[in-house]
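Here, each number is a calculation from the coordinates, and none is a lab measurement. Remember, predicted model here, so these are calculated numbers, not experimental data. Counting neighbours? That spans all protein chains shown, and the Cβs are built from the backbone with ideal geometry, glycine included.
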Amino acid sequence: MFSQFFGNYLRKRGCITLEQLRDVLALQDAVRVKLGVLAIDAGYMTAPQVEEVHQLQSRMDKRFGEIAIERGYLDEERLSGLLGQQNRRHLLIGQALIDKGLMRFEDFQEHLEAYKRESGLSPREFEALKANDIEAVTGALLRLPEVGETKMYVDYFSLFVRNLVRFIDDRILLEPARKVEEEPFCSLIHQEIEGRFKLFTGISGTEEGMARFASRFAKMDVDGMDAVARDSLGEFMNVHNGLYLSKLSNEWVELELLPPEYKSAGSLKSVGVVYAIPFALSFGQFHFFIGVGSPVIRHR
């Protein structure tokens, strides 16, 4: 997930476009992280030192590590540690950006350090992000001060992210949660959960994006937002919320799912508290809604 978060940070800063980000995320699976990127991430070498070693490699038949040791930038122990880390996935995006010529080593170092400062993540949360710890990352993003029982919502959204990866798309770009009073939507699938408390959940996007979401879940082509697509979206909500309620049931919390409902061209007005979590998949932009109470759904 680090690639998605860091990549989205670069996109929002104007360093790369959304299309370039998607290309890089697709490329990273074929990338092997090179020692220079690892050394910068570990703080063992600076970008100019890495660049110097690369220039020396063009003039002598020696490995990166050999030259770095000769120049006094690394020692045997540190080199051995770096060689054992070349599959660290959180650095694949940096290597892919450099390989595609979108970023220099100096740029990577500068942006990585800025992201560490500006991400709002604690050192522990930042390490969790690099380790792909979904629960810890979700907890950092999902700050919902007005809904109470924070762990319940973190557990819920962590499951949502895992189900997106499992059923829909593993290239997810997540944004921090924000409170909404009234939010317009093009296409919305929503479902309520009743019992000890009343929980509202929903996903919105463009008609094209929601149709493609439905198509991926159904594993078949759909003809726009037809009945098959709407049924598929509803079934995704049933499956996801059903899995969550099954987990709660094991903890002796019994809740009931109401039937999912699809709405188009309207707005969602908060009654109680509703938060939106923007997210992007490889084929579109979406919002996930979660809150307490039953929002008013208005047609435009």
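Annotations
- Cβ-derived FRET efficiency at R0 30 Å, Gln55 paired with Ser80, nearest 0.05: 0.80
- Here the spin labels are modelled as points 7 Å beyond Cα on the Cα-Cβ line, and at Val239 and Gln20 they lie 3.6 nm apart.
- Estimated at 0.36 nm per residue, the fully extended path between Leu258 and Ser282 surpasses their Cα-Cα distance by 5.6 nm.
- Cα gyration tensor shape of region 249-300, rounded if a/c is under 1.5, else prolate or oblate by comparing a/b with b/c: oblate
- Extension reserve of the Asp170-Arg196 stretch, reckoned as 0.36 nm per residue once the Cα distance is removed: 6.0 nm
- Dipole orientation for region 171-259: of the candidates Val222, Ser249, Met210, Ser249 has the Cα lying most toward the positive pole (charges on Cβ; Lys, Arg +1; Asp, Glu -1).
- On full extension, the segment bounded by Ala265 and Ser249 gains 2.2 nm, given 0.36 nm per residue less the C-alpha separation.
- Label assignment, P(r) over Cα pairs in 10 Å bins from 0, in percent derived from the structure, set [x] 6, 26, 36, 24, 7, 1; [y] 6, 24, 29, 20, 12, 7, 2, 0; [z] 5, 17, 18, 12, 10, 10, 11, 10, 6, 1, 0: [y]
- In this Cβ point-charge picture (+1 for Lys and Arg, -1 for Asp and Glu), the chain has a dipole of about 220 debye about its Cα centre.
- Per-residue packing, averaged as other Cβ atoms within 10 Å, sorts the ranges 254-266, 195-207, 115-127, 64-76 into the order 195-207, 64-76, 254-266, 115-127, beginning with the highest.
- Assuming charge only on the beta carbon of Lys and Arg (+1) and of Asp and Glu (-1), the dipole of region 157-299 about its Cα centre is about 340 debye to the nearest 20.
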